[in-house]
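Shown next, in structure tokens, is the structure this report addresses.
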2 protein chains.
Amino acid sequence: MGTTFSVVGQRLPMHDGAAKAKGTAQFTDDILLPGMLHGKILRSPLPHARILRIDTSRAEKLPGVKGVVTGKDIPDRVYGIVPKAHDEHALARDKVRYIGDDVAAVCAVDPEIAEEALELIRVDYEELPAVFDPLEAIKEGAPLIHDGVPHNTSFSIHKEFGNVAKAFQESDFVFEDRFYSQAVNHAPLEPHAAVAQYDPLKGEIILHSSTQIPFFLRRNLASTLMIPEAQVRVIKPKVGGGFGQKIDMFAKDFCAAWFARQTGKPVKFVYDREEVFIATRQRHPMYITVKTGVQKDGTIMAQQFLAHADGGAFNSTAPTMMALSCYFLMIPYRVPNLIYEGHHVYTNKPVGGAMRGHGIPQARFAVERQLDLIAERIGVDPVELRLKNSIHAGEPHPAQFIINSCGFSDSLKLAADAIGWQEKRGKLPRGRGVGLAGASFPSGVSNMSHISSGSVVQMGQDGAVNVLSGAADIGQGAETVISQIVAEVLGVPLADIRITAADTGLTPLDPGTFGSGVTVRAGNAARLAAEEVRGKLFKFVADKLEANPDDLVARDRMIFVKGSPDRGMTLRQAIKGYQYADLPMPIVGRSAWFAPSTEPTTLFQQEGNFAPNYSFMTQAAEVEVDLITGKIKLLKMVTAHDCGRAINPMLVEGQLEGSVVGGMGQALYENVIVENGQVMNPSFLDYGFPTFMEMPEIGAIDIETDDPVGPFGAKEAGEGTQLSPAPAIVNALYDAIGVDFMELPVTPEHILEALQKAKG
Amino acid sequence: MGTTFSVVGQRLPMHDGAAKAKGTAQFTDDILLPGMLHGKILRSPLPHARILRIDTSRAEKLPGVKGVVTGKDIPDRVYGIVPKAHDEHALARDKVRYIGDDVAAVCAVDPEIAEEALELIRVDYEELPAVFDPLEAIKEGAPLIHDGVPHNTSFSIHKEFGNVAKAFQESDFVFEDRFYSQAVNHAPLEPHAAVAQYDPLKGEIILHSSTQIPFFLRRNLASTLMIPEAQVRVIKPKVGGGFGQKIDMFAKDFCAAWFARQTGKPVKFVYDREEVFIATRQRHPMYITVKTGVQKDGTIMAQQFLAHADGGAFNSTAPTMMALSCYFLMIPYRVPNLIYEGHHVYTNKPVGGAMRGHGIPQARFAVERQLDLIAERIGVDPVELRLKNSIHAGEPHPAQFIINSCGFSDSLKLAADAIGWQEKRGKLPRGRGVGLAGASFPSGVSNMSHISSGSVVQMGQDGAVNVLSGAADIGQGAETVISQIVAEVLGVPLADIRITAADTGLTPLDPGTFGSGVTVRAGNAARLAAEEVRGKLFKFVADKLEANPDDLVARDRMIFVKGSPDRGMTLRQAIKGYQYADLPMPIVGRSAWFAPSTEPTTLFQQEGNFAPNYSFMTQAAEVEVDLITGKIKLLKMVTAHDCGRAINPMLVEGQLEGSVVGGMGQALYENVIVENGQVMNPSFLDYGFPTFMEMPEIGAIDIETDDPVGPFGAKEAGEGTQLSPAPAIVNALYDAIGVDFMELPVTPEHILEALQKAKG
């Protein structure tokens, strides 16, 4: 793309990678404080029951116990992520709604005593009939899980773009198919944890929490404790993965704060792995029926969707999830007419929440599988079919998305070439096959209740640069990417940047880590703040050099006139001169960045541009099926992606590889198995992730586009790639054995069953 | 003074007072990190010796030991506080120079093993002759403690203002007297501690340290480790007192960093009380001869000083201390002609360093004692003598000090009245007496190598205000005072302010806590930054109200038109409106403040204005001597002081009371007793501070002056009051028993000896 950069675009290790590798990086559970107490949560053993009575007296008397709290003791305040969808108490009040629901909490001088105290709490329940499937739960007469929510349907979305009925009439073919995606767990390596401290003078709660959204957690905590937000300070230590599971507030956050205030001592909660599985969040299982009208040449005329998401016991991000699921059906393909009807349904099961892709993978599975079905039915090559319907930069969009940069059709062609589409598709021996699927993802959401992403950049007299950012690095490398952006602007190496990120008492407001908006939002904010610092320095240097500030460049710790490296000075000289001119040190720049949007909009009235920009990608898979055992081997996965300019290609690859493994898990291995509300496999051993043994060869193809909105042209890279590995793999399975799987996951049992059926 | 404020001037508890009282505030020793190692220092048992050989092999083999380091292992880099006076290695290289000198360090999995390992290190010494008194040490043939420092005189200052010889000739009387002040220890409640972490990727050292000057410590650590300053991050946790003793870098800082880098683990050092006494810093013992020419009416014509300070083994702040001692002889009295000759002399004893008052108490003792001697000799009342020679605001000054505000003569009169001067002086029964003494102190130093004091203030959408300051609160309440200033500017209560202070990786550059400059420097910086925030908010609100921003006031979480409280809005409304206008949140202001000075000067070429402003005070004491036992009881101490406007009168009183106790300790109780280089009383039990049992009645009289340079008119309150309690007490002893003590401390033994002598 012509321009060369010093730091941006470099394959640099994460700035905190060594500390993490050496074990010195501080995660929440690493926080040790003098006099710290330890908390544990008592969880419901029943999927649906009324709480008649809780007797905590024996627990309170156990030596070492410092506090016990139940839902009756705390303010009657519901919380959640999305306005008007708040439905959750920090501890259950009248009812429990799933096995694992938070019933009471204990804090004690050590975790063992806290655990022992849990066993001394007696809860009398009146068991209620329960329901475990959304299609059952919407029926008349099904048990109602929340008062005032008929048919257990807590949120519905109905959108129509264009005229679908007319378009179906004008279509050569209309096909209807039904798909199902299962529940999977995020399972971050670091379990959810919180450490709270309380200052009695200020009435301030300081909460260290493994969170993706410190500022939202602050809001929920303040609201449920009924104290001003100004009295809550949320600090995000290192976080060992989130994938959306650490967006919500959890009982551990509330109870840590509650007990800290009650006891005056620091209080720690750390969930165990079983709690992470049953009592945090998971990807929504979803039933989706797709009806698509196409012309003989494959042109998509219209699509109609009916989706039922299994929300489990609470809403969490339900409305957002359904909205994303809907809007991202109109990208990366041109769908001029579309109806989406989606329902979020309560069941007595673990709670669905944000998870990498957030509602879109389920829809993508349906669409990309059906495209292959249609291609077969109308006799058009799947790649051709997709290319024909691909969106291009600059074209008008039914939902008014503004597509400034789009490498989608390139990604299709390059992924197909790389997997050997021409030579292989339909031509490999039985048991082997190739398949592909496309996707697109937003780089965050354009307007979220007027929340900007802010940054403060300070350059000190030691030449070191300090960045304050509200962005929440949860392991993906956000801090490194932001630091690279600042380093590039200021012409210093990455090592000169020190970043403090995500402490609501210290760092500027930021929406947090979700929706893959961090690089664009927080990256732009950091870029602007760094440019302000550079501007002040350039003004000083330009005076000294008798040059125009606009002609200066900063690079390799030098500032010089563009094209005349000898007309300049070292950064050290510049800073010393600046300081000795009694200009104020450190040199400070600050900024706040909003995504450009024509008018303030919210997620659900969004008919304008949804996101600052959009990533595009195609996954192409090659699989091998053992026809005797049914065992499936993913041999290779090619991912061709357009994430604008990769600020750090190595970190982008990390995201791609993680996404491929995540998608592969959803396609072939992972499934939260629930029987009568009980999760049957809540451990790493039983859950059965893909491991290194299952890893395919991964080929990554960068399609760099220079997006005008992203910092240095960057777009999201964290989620888009997770959207379509599953349909690509299942499409490849069709090529391998001629069976069309409509549900996830596809396991050896399913393979054998299908082969048996085909034979029979 | 007419103007009223909401937060400034209020008696508010320290913002972190409750946390400290509850034990949840985090001091350095409270930092616990996973895998943390513990370090100990091996100290010299000899006052002066050559190190022939150190055998660490047995220590290294002790199970649990993770590292041993000696002076030969580390870079040959000397460090110190003042440029060109660097003379100290982090660990002794070739010689040890006092009992307690740092010889080697060990780190191990627990402190006990580290302690045990120290005993396994064998050091072969060649003992050298030692010298323990500065007047001996300057003699020809005395043992030389540092190479290349003849007469052990490491720093000398010789200044003449006016024409002293001529003035002496014109004087009616010339008197010469000789005084001595002893060594006293700061003995902060929190012993010196450090916890270091190392990031191998960045090569960054993160040092938590009980320090008064984080930015200086960063410099010394970087310099001695031979790494760029940008790779050192110093964080100041809560500090439990400093009084100047925590200005220097110590072996614990260097060795913690060294071992953290070597082992990759966090490493903690905590000194025990004995180490604080023998191996940190103490107030310089000083011999001072004063020659003063006066007229019959008491007008001071000229003074000539010869001072020898006992520096112990190293320089520490020597040049600064001597300069302060010199310059502050020209204030609070008019001394038109002055010669000061001062010498800082090495001895084989514990090291002298900055201590509350920093060179001035010794000089003040000499001057204020001699003024009483002169008053007696020429028959002028001591108060009259002082009033006659008092400096007043606006008058020219021999060293070009600019005295914008001065309440000194008022303080003399009010203190004299309050102690009952007229009724008591010379009129009390034998054994009781009153005395007084005056003083003045700078509010920091105007120009220190172009180091500004910076502040960043952020007002968030929750209404909370975050302040970043480089100022180092060491227990005096600096964070509270800065927060009050910000609260006043923004019209919010103190509870709305959250301050982060002193993290070189985060907070703006600040000179640190010394010289009593924090309130003026960091307070002004915070004020300016808060005004910037307020300006942005006012601009927005003025638009809404159709008013002029200049007419707005912020008070009690409201913004309204001056004089029309109904024409306004709540701060919450203002912030919400600001945010929903898509103006960037948080609202950020930043500043850096330099003391006004006509030209860049340094401490030693200082012939311009020394400080931004000057405090003034008089102490008046009433004492009672038991003529049988010699026991001295300080009955009452009145302190009349002008610290400009007291931002927080309760904190000012805390400073005054601490100063009175400190001065009383120096006068009557404290003395670091050294025999052949060995400190004989290095414990709280043996050292014998004044306790609550000895506390006098303390009367504080505020003389508020509205200084034009200090924030809201404030001046220093932390040190000035410590300058003259000792001479006031000793002057009162003269009134009580007619004996003129010329040395400190005055103990019952001295009383009895003097009474005996008078009788004999």
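The values are calculated or read from the model by the stated rules, or taken from the named source; none is laboratory data. Treat the numbers as computed from the prediction; the structure is a model and nothing was measured. Every residue, glycine as well, gets a Cβ built from its backbone with ideal geometry; the counts of neighbours run over all protein chains shown.
Odds and ends about this structure:
- Positions within region A:448-464 being within 9 Å of chain B (Cβ to nearest Cβ) and in contact (Cβ under 8 Å) with a residue 60 or more places away in the chain, in sequence order: A:Ser449, A:His450, A:Ile451, A:Ser452, A:Gly454, A:Val456, A:Gln458, A:Gly460, A:Gln461, A:Gly463
- Here B:Leu627 meets the list (1) of a type in the set (A, V, I, L, M); (2) in contact with a Lys or Arg (Cβ under 9 Å, 6 or more places away or on another chain); (3) modelled with pLDDT under 95 almost entirely, failing just condition (3).
Residue-wise test of (1) of a type in the set (S, T, N, Q); (2) within 21 Å of A:Lys291 (Cβ to Cβ); (3) in the same structural domain as A:Gln304 (by TED's automatic domain parsing).
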| site | (1), (2), (3) |
| --- | --- |
| A:Ala366 | no, yes, yes |
| A:Leu371 | no, yes, yes |
| A:Val380 | no, yes, yes |
| A:Glu395 | no, no, yes |
| A:Ala399 | no, yes, yes |
| A:Asn404 | yes, no, yes |
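- Qualifying residue in region B:689-710 (condition: assigned to a helix (DSSP H, G or I), free of Cβ contacts under 8 Å to residues at least 40 places away in the same chain and outside the structural domain of B:Gly515 (by TED's automatic domain parsing)): yes
- Selected residue (criterion: nearest to B:Ala393 (Cα to Cα)) from residues of region B:608-626 that are assigned to a strand (DSSP E or B) and aliphatic (A, V, I, L, M): B:Met617
- Matching residues in region B:158-202 - criterion: being aliphatic (A, V, I, L, M) and farther than 30 Å from B:Val660 by Cα: B:Val164, B:Ala165, B:Ala167, B:Val174, B:Ala194, B:Val195, B:Ala196, B:Leu201
- Residue within region A:481-495 that is among the small types (Gly, Ala, Ser) and assigned to a strand (DSSP E or B) present: no
- Top-ranked residue in region B:207-219 [being in contact with a helix residue (DSSP H, G or I) (Cβ under 8 Å, 6 or more places away or on another chain) and either aliphatic (A, V, I, L, M) or within 14 Å of chain A (Cβ to nearest Cβ) (or both); ranked as surrounded by the fewest Cβ atoms within 10 Å (Cβ to Cβ)]: B:Arg219
- Of all residues in region A:51-95 being in a loop (DSSP other than H, G, I, E, B) and of a type in the set (Gly, Ala, Ser), the one that is nearest to A:Cys107 (Cα to Cα): A:Gly64
- Any chance B:Val486 is in contact (Cβ under 8 Å) with a residue 24 or more places away in the chain, in the same structural domain as B:Ile587 (by TED's automatic domain parsing), farther than 30 Å from B:Leu207 by Cα and not polar (S, T, N, Q): no
- So B:Phe594, is it aromatic (Phe, Trp, Tyr), touching a strand residue (DSSP E or B) at 6+ places or on another chain (Cβ under 9 Å) and modelled with pLDDT under 95: yes
Yes/no matrix, rows are residues, columns are (1) over 29 Å from A:Ile331 (Cβ atoms); (2) of a type in the set (Phe, Trp, Tyr):
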site: A:Met680; (1), (2): yes, no
site: A:Phe689; (1), (2): yes, yes
site: A:Met695; (1), (2): yes, no
site: A:Gly699; (1), (2): no, no
site: A:Asp702; (1), (2): no, no
site: A:Lys715; (1), (2): no, no
site: A:Glu719; (1), (2): no, no
site: A:Asn731; (1), (2): no, no
site: A:Asp735; (1), (2): no, no
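- In the set B:Gly394, B:Gly407, B:Gly433, only one residue is away from chain A (no Cβ under 14 Å), free of Cβ contacts under 8 Å to residues at least 24 places away in the same chain and small (Gly, Ala, Ser); that residue is B:Gly394.
- A single entry from A:Val174, A:Val123 fulfils the requirement of being β-branched (Val, Ile, Thr), more than 30 Å from B:Ala21 (Cα to Cα) and not assigned by TED's automatic domain parsing to the domain that holds A:Gly80: A:Val174.
- Taken over region B:170-202, the residue count meeting the criterion of being touching a residue at least 24 places away in the same chain (Cβ under 8 Å) and assigned to a strand (DSSP E or B) is 15.
- If the condition is being surrounded by fewer than 20 Cβ atoms within 10 Å (Cβ to Cβ) and farther than 30 Å from A:Ala257 by Cβ, then region A:10-60 contributes A:Gln10, A:Arg11, A:Pro13, A:Gly17, A:Ala18, A:Ala21, A:Lys22.
- A:Pro34 being within 14 Å of another protein chain (Cβ to nearest Cβ) and either in a loop (DSSP other than H, G, I, E, B) or modelled with pLDDT of 95 or more (or both): yes
- Residues in region B:1-27 that are over 17 Å from A:Gln197 (Cβ atoms) and either more than 12 Å from chain A (Cβ to nearest Cβ) or among the small types (Gly, Ala, Ser) (or both): 11 in all.
- Selection status of A:Ala502, at pLDDT 95 or above, out of contact with any Cys (no Cβ under 7 Å at 6 or more places or on another chain) and buried (at least 24 other Cβ atoms within 10 Å of the Cβ): no
- Within region A:117-138, restricting attention to residues that are in a helix (DSSP H, G or I) and out of contact with any strand residue (DSSP E or B) (no Cβ under 8 Å at 6 or more places or on another chain), the residue that is surrounded by the most Cβ atoms within 10 Å (Cβ to Cβ) is A:Glu136.
- Some residue of region A:265-278 being of a type in the set (D, E, K, R), buried (at least 24 other Cβ atoms within 10 Å of the Cβ) and under 25 Å from the mean Cα position of the chain (by Cα): no
- Selection from region A:461-497 of residues that are buried (at least 24 other Cβ atoms within 10 Å of the Cβ) and out of contact with any helix residue (DSSP H, G or I) (no Cβ under 8 Å at 6 or more places or on another chain): A:Asn466, A:Leu468, A:Ile474, A:Glu479
- The set of residues from region A:258-285 being within 23 Å of A:Ile206 (Cβ to Cβ), more than 14 Å from chain B (Cβ to nearest Cβ) and of a type in the set (A, V, I, L, M, F, W, C) comprises A:Trp258, A:Phe269.
- Filtered residues of region A:139-162 (kept if touching a residue at least 60 places away in the same chain (Cβ under 8 Å) and surrounded by fewer than 18 Cβ atoms within 10 Å (Cβ to Cβ)): A:Pro143, A:His146, A:Val149, A:His151, A:Thr153, A:Ser156, A:His158, A:Glu160, A:Gly162
- Some residue of region A:38-50 being within 14 Å of another protein chain (Cβ to nearest Cβ), out of contact with any Phe, Trp or Tyr (no Cβ under 6 Å at 6 or more places or on another chain) and assigned to a strand (DSSP E or B): no
- Scan region A:399-441 for residues that are touching a Ser or Thr at 6+ places or on another chain (Cβ under 6 Å) and either part of a helix (DSSP H, G or I) or farther than 18 Å from A:Met637 by Cβ (or both) and the total you get is 7.
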